[in-house]
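This report refers to the structure that appears directly beneath it.
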Amino acid sequence: YAKANGRANYKFFTEPMKAAATRRLHLESELWRALADNQLVLHYQPQIDLLSGKVVGVEALVRWRHPTRGLIGPAEFIPVAEECGLILPLGHWVLLTACRQARSWIDQGIDMGEMAVNISAHQFRQPEFAQSVRAILAETGLDAGRLELEITESTIMHGVDAAITTMAELRGMGVRLAIDDFGTGYSSLAYLRRFPLDRLKIDRSFLADIDSDPDAASLLTSIVLLGRSLGLQLVAEGVENLAQAEFLRSLECERVQGFHFYQPASAEEVVGFGGFGLLAALPA
Ligand code: C2E
Ligand code: MG
Ligand code: MG
Ligand code: MG
């Protein structure tokens, strides 16, 4: 491009920029191959009910088992996938794999509660998104009530009416809906009331200084009260210590997720952690 504009503009395309663009293209093509070659894996992080201490859900978190670089986290490749269109097949793979895993646990008598799956904005806004969720549930035989979809504020705040239609269709099927990273996007509180939602996942940034900063503690309290007044369940993410867990318990926040309880881990490892309930054996 720089060259086509003639010699005068050549300098705009500096060596570091060229290097970055090349790296980026390389990452893109590697990522397409990763999906085709089964290099993506899901890890699962349990969610705990603060009253019973039991695992009541797990969140599926994608990782890339890179052939030479080892395990790569989603922050490094989800944004790239979103920009190059790969997020649609990748998102479909994640949803299918998570539902299969949930069904497999249930078949083994393991009660992991709900399987929560992150849905990117582009994926959610596909007109046939709700239908594709229905198809995956049918294909895997997973009960819709076992699936929770996590969407962000910006996903539903742009194009509110279309979002409400999709959400209502999903909820009509029995799928649960949660707002992820709540409080970090910009939500119109007036709209929030109109969305058919089940839960708010309070972003971990609101937990950061609650033991040292009274303002941080009262802000967190307000968010919990806001969620409750909207009739929503609350999940606090990024709980890293006992003080945070105890404060959340005092607020009667029902669910928590964080390194203080469990790290995200492979399907095999996470079951080994324990804390999962057992499903009653079915009569023969
Ligand atoms: P998220 O959905 O908010 O997921 C929670 C992130 O916080 C995860 O990072 C998790 O490992 C991390 N985390 C959990 N407990 C703690 C804690 O106590 N302290 C701290 N500091 N962090 C904690 P991860 O796995 O790196 O994922 C980052 C983000 O990537 C996710 O944020 C989500 O937005 C996105 N993501 C992950 N998997 C998928 C996916 O399958 N599809 C899409 N579209 N996005 C995904
Ligand atoms: Mg999430
Ligand atoms: Mg989050
Ligand atoms: Mg996030």
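When all protein chains stay in place and ligands, DNA and RNA are ignored, the 1.4 Å accessible-area order of Tyr191, Tyr262, Tyr44, Tyr186, largest first, is Tyr186, Tyr191, Tyr262, Tyr44. Please calculate the 1.4 Å probe accessible area of His26, with all protein chains present, and give it to the nearest 10 Å². So the heavy atoms of His26 present about 100 Å² to solvent. Shape of segment 30-133 from the C-alpha gyration tensor: prolate (a/c of 1.5 or more and a/b above b/c, with a ≥ b ≥ c the square roots of its eigenvalues). Can you tell me how segment 205-284 classifies by the Cα gyration tensor, rounded, prolate or oblate, using a/c under 1.5 as the rounded cut? Taking the square roots of the gyration eigenvalues as a ≥ b ≥ c, segment 205-284 is oblate. Charges were assigned to the Cβ only: +1 to each Lys and Arg, -1 to each Asp and Glu. The resulting dipole of the chain about its Cα centre is roughly 960 debye.
Among residues other than Ala135 with Cβ under 14 Å from its Cβ, the summed charge is -1 (Lys and Arg +1, Asp and Glu -1). One Cα centroid belongs to segment 119-166, the other to segment 207-284; the line between them spans 24 Å. Considering only Ala265, Ala102, Val80, and ranking their Cα positions along the charge dipole of the chain that arises from unit charges at the beta-carbon of Lys, Arg, Asp and Glu, the one farthest toward the positive end is Val80. Estimated from the Cβ-Cβ distance and a Förster radius of 45 angstrom, the FRET efficiency linking Leu51 and Arg24 is about 0.45.
Accessible surface comparison of Ser120, Ser250, probe 1.4 Å, protein chains only, largest first: the order is Ser250, Ser120.
The Rg/Rh ratio for segment 90-144 is 0.99, where Rg is the radius of gyration of the alpha carbons and Rh is the Kirkwood radius. Taking every DSSP beta bridge that has both ends in the chain, the antiparallel portion is near 45%. Take segment 124-164, drop everything but the C-alpha atoms, weight them equally and run the Debye formula without solvent; then report log10 I(q)/I(0) at 0.19, 0.21, 0.23, 0.29 Å⁻¹ to two decimals. Taken in order of the listed q values, log10 I(q)/I(0) reads -0.64, -0.75, -0.84, -1.03.
Scanning the chain for DSSP H helices at least 24 Å long along the axis (C-alpha atoms) with a Kyte-Doolittle mean no lower than -0.5 picks out 15-36, 87-107. Taking the protein heavy atoms of the chain in the context of the full set of protein chains, the accessible area attributed to carbon and sulfur is 55 percent at 1.4 Å. For Asp161 and Thr221, a Förster radius of 35 Å and the Cβ-Cβ distance give a FRET efficiency of 0.60, rounded to the nearest 0.05. Mean residue ellipticity at 222 nm, helices only, the chain: -13500 deg cm²/dmol; runs of at least 4 DSSP H residues each add -39,500 (n - 2.57), and the sum is divided by the number of residues.
Near Arg249, within a Cβ-to-Cβ distance under 13 Å, what is the net charge of the other residues, with Lys and Arg +1 and Asp and Glu -1?
Value of the local net charge: -3.
In units of 2.2 N^0.38 Å, what is the alpha-carbon radius of gyration of the chain?
1.11
Candidates Ala121, Gly70, Ser132 compared by Cα position along the dipole of segment 60-143: farthest toward the positive end lies Gly70, with charges placed on Cβ. Note on Gln233 and Arg69: the extension gain reaches 55.1 nm, defined as 0.36 nm multiplied by sequence separation minus the Cα-Cα distance. Can you give the net charge of the other residues whose Cβ lies under 9 Å from the Cβ of Phe276, counting K and R as +1 and D and E as -1? Local charge sum for Phe276: 0.
Heavy-atom accessible area for Asp161, with the other protein chains in place and a 1.4 Å probe, reaches approximately 100 Å².
Quick check: from the Cα gyration tensor, does segment 133-284 come out rounded (a/c under 1.5), prolate or oblate? It is oblate, given that a/c is not under 1.5 and a/b is not larger than b/c. Per residue, the solvent-accessible area of the chain (1.4 Å probe, heavy atoms of protein chains only, all protein chains present) comes to 51 Å².
The values are calculated or read from the model by the stated rules, or taken from the named source; none is laboratory data. In this text the structure is predicted, and so the values were computed from the model without any measurement. Cβ sites come from the backbone with ideal geometry, for glycine too, and all protein chains shown count toward neighbours. Just the protein is used for accessible areas: all its heavy atoms, side chains included, with ligands, DNA and RNA removed. Shrake-Rupley method; radii C 1.70, N 1.55, O 1.52, S 1.80 Å.
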